[in-house]
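In what follows, a structure is listed as structure tokens, so that the remarks can point back to it.
Values quoted throughout were computed directly from the atomic coordinates according to the rules given, and no laboratory measurement underlies them. These figures come from a predicted structure and were not determined experimentally. Every residue, glycine as well, gets a Cβ built from its backbone with ideal geometry; the counts of neighbours run over all protein chains shown.
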Amino acid sequence: MQSALTVEGVCVDYGASRVLRQINLTVKKSEFVALLGASGCGKTTLLRAIAGFVPVAQGRIGVEGRDITHAPPEARGNAMVFQSYALWPHMTVARNIGYGLKLRGWAKARIAARVVELLALLRLDGLGDRLPAQLSGGQRQRVALGRALAVEPPLLLLDEPMSNLDARVRETLRHELRALQRQLGITAIHVTHDREEAMTLADRILLLRDGVIAQEGPPEALWSRPASAYVADFLGATNELAVQAGGGAVRGGAGGAVAVALPDGPARLLFRPQEATVLPVGEAPPPGLVFEGVARQVTYPGGGFRVAIETSGRQVLADSAWSPAEGSAVRLLVPPAAAHVFAATQT
Ligand SMILES: Nc1ncnc2c1ncn2[C@@H]1O[C@H](COP(=O)(O)OP(=O)(O)OP(=O)(O)O)[C@@H](O)[C@H]1O
């Protein structure tokens, strides 16, 4: 099947500095791809290159088989939704949504019917006559989405569309957007620096680091099989300990079976606090990497305890069903599936 979007070996420069290097991306029809990464990694630049606002220094961009590498933005047919909504302030909601259709020469009655349909789809029924200033942030962003969807673009480009909204509205809109995208079979590229947003919305995540792809794949793959310590850390494995084959870490489980394969030489172990456990010293540990440590601080964020453990000269966090006394000896268990191990030489 023809791809909705192909990005091949794309490089982008701002003056003398290259901010995107050799980016390859193929997006299937109806697929939702999130461009994720830390501030300055180049995700907005990539979206803007796809939209046609930023010239491509090298490589090729194709939409539905057409080469659009050098086409002006208006000739690409994409729709874009911005962080700032960018609605016409003097136009009603209905006129904002119908604007693109009017430009395409649709008859009034046909536009009106389509607008009613979109208002219902976006849960904006009855708000068609309001001005943007008379709406909440979440409603404004739905109008912006409606305006973008009205023209049934081959590609919907979303540039941090939820970052101006408060956490609860963002979460609701996230689920609505996902449902809408599935229902309408829209192909979308979504820029975000919010890991959870990317995980919830996307079929596939492209994680960028300093202008190159750090890893690409479905959310579960990045989460459970990060390709590097950088990706693991970005996806929440913020605890780090040094390990060595045959060194500091004790293997747990029956007969001390090797539960986690360690590379030769020094290695970095990364893991998420919520996937580690705290055990009393006397208890035989289940399989995993086990570290002897001291509980330094115990907090109760809700649902269970979170313990700061000092081990091997470092402090790490782990969740715990029980509350160890501060200053007492404990064991930290990192189960096999939670242990992300990388050679220390890798960056
Ligand atoms: N117009 C510009 N001129 C020169 N350099 C730019 C320009 N726009 C962005 N940059 C630089 O290009 C790099 C990538 O920027 P980009 O905006 O794509 O990052 P981003 O991942 O979207 O970050 P953020 O999440 O902060 O928006 C950064 O180092 C940035 O400083």
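Name the lysines eligible as straight-distance cross-link partners of residue 43: C-alpha to C-alpha under 28 Å, and not fewer than 8 places from it in the same chain.
Output for residue 43: 28, 29.
Test of understanding: what is the full-extension gain from residue 296 to residue 123, defined as 0.36 nm times their sequence separation minus their Cα-Cα distance?
Contour length minus Cα-Cα distance gives 57.3 nm.
Below 12 angstrom from the Cβ of residue 314, what's the summed charge of the other residues (Lys, Arg +1; Asp, Glu -1)?
With Lys, Arg at +1 and Asp, Glu at -1, the net is 0.
Helix 108-121 sits at what angle to the longest principal axis of the chain, using alpha carbons and giving 0 to 90 degrees rounded to 10?
20
Quick one: among 213, 50, 68, which has the greatest mean-square fluctuation in a GNM of the chain with alpha-carbon springs under 10 angstrom?
68
How do 29, 108 line up, fewest other C-beta atoms within 10 Å first?
Listed from fewest to most nearby Cβ atoms, that is 108, 29.
Which angle from 0 to 90°, rounded to the nearest 10, does the C-alpha axis of helix 93-103 make with the longest principal axis of the chain?
With rounding to tens, the tilt is 70 degrees.
Calculate, axis by axis, the spread of Cα positions in region 42-147 along the three principal axes, and write the results as whole Å, longest axis first.
Computed over region 42-147, the largest-to-smallest principal extents equal 48, 30, 23 Å.
With an 8 Å cut-off on Cα pairs and a minimum separation of 6 or more residues, tell me the relative contact order of region 5-227 in percent.
Normalised by residue count, the contact order of region 5-227 is 30 percent.
Mind checking which of 305, 234, 291 has the largest fluctuation in a GNM of the chain, springs on alpha carbons under 10 Å?
Among 305, 234, 291, the largest GNM mean-square fluctuation belongs to 305.
Is region 237-343 best put as rounded, prolate or oblate by its Cα gyration tensor, with a ≥ b ≥ c the root eigenvalues, rounded for a/c under 1.5, and otherwise prolate when a/b is larger than b/c, oblate when not?
prolate
In a Gaussian network model over the chain where Cα atoms closer than 10 Å are linked, find which of 72, 161, 153 has the largest mean-square fluctuation.
Highest fluctuation of the listed residues: 72.
Return the FRET efficiency for the residue pair residue 16, residue 328: r is the Cβ-Cβ distance, R0 is 56 Å, and the value is rounded to the nearest 0.05. Working shown, then result.
On the way: r = 57 Å, r/R0 = 1.02.
The value I calculate is 0.45.
Given an 8 Å cut-off on Cα distances and at least 6 residues of separation, report the relative contact order of region 237-343 as a percent. Intermediate results must be reported in sequence, preceding the final value.
Details: 266 pairs, mean separation 35.1, N = 107.
Across region 237-343, relative contact order equals 33 percent.
With charges set only on the Cβ (+1 for Lys and Arg, -1 for Asp and Glu), what does the dipole of the chain come to about its Cα centre, in debye to the nearest 20?
Here the chain has a charge dipole of around 1180 debye.
As a footprinting exposure proxy, order 142, 114, 18 by other Cβ within 10 Å, with the fewest listed first.
By the 10 Å Cβ count, ascending: 18, 114, 142.
For residue 244 paired with residue 212, estimate the spin-label separation in nm (one decimal), with each label point 7 Å from Cα along the Cα-to-Cβ line.
Spacing of the two 7 Å Cα→Cβ label points: 3.0 nm.
Round to the nearest 0.05 the FRET efficiency obtained for residue 179 and residue 233 when R0 = 30 Å and r is the Cβ-Cβ distance.
So, using R0 = 30 Å, E works out to roughly 0.45.
Over region 5-227, how many percent of alpha carbon pairs lie in each 5 Å bin up to the one with the longest distance?
Per 5 Å bin, starting at zero, the Cα-Cα P(r) for region 5-227 comes out as 1, 7, 15, 18, 19, 16, 12, 7, 4, 1, 0 percent.
Each label point is 7 Å from the Cα along the Cα-to-Cβ direction; what then is the distance between the points at residue 314 and residue 346, in nm?
1.5
Mind listing which trypsin sites (Lys or Arg not before Pro) in region 285-317 are in a DSSP loop and have 13 or fewer other Cβ atoms within 10 Å? List each step's numbers first, then the result.
Numbers: sites: 296, 306, 314; in loops: none.
Of the trypsin sites (Lys or Arg not before Pro), not one in the loops of region 285-317 has a Cβ with at most 13 other Cβ atoms within 10 Å.
For region 272-338 and region 38-71, what is the separation of their Cα centres, given in Å?
One Cα centre to the other: 46 Å.
Restricting to region 5-227, compute how many DSSP beta bridges are antiparallel as a %, nearest 5.
Of the beta bridges lying entirely in region 5-227, close to 50 percent run antiparallel.
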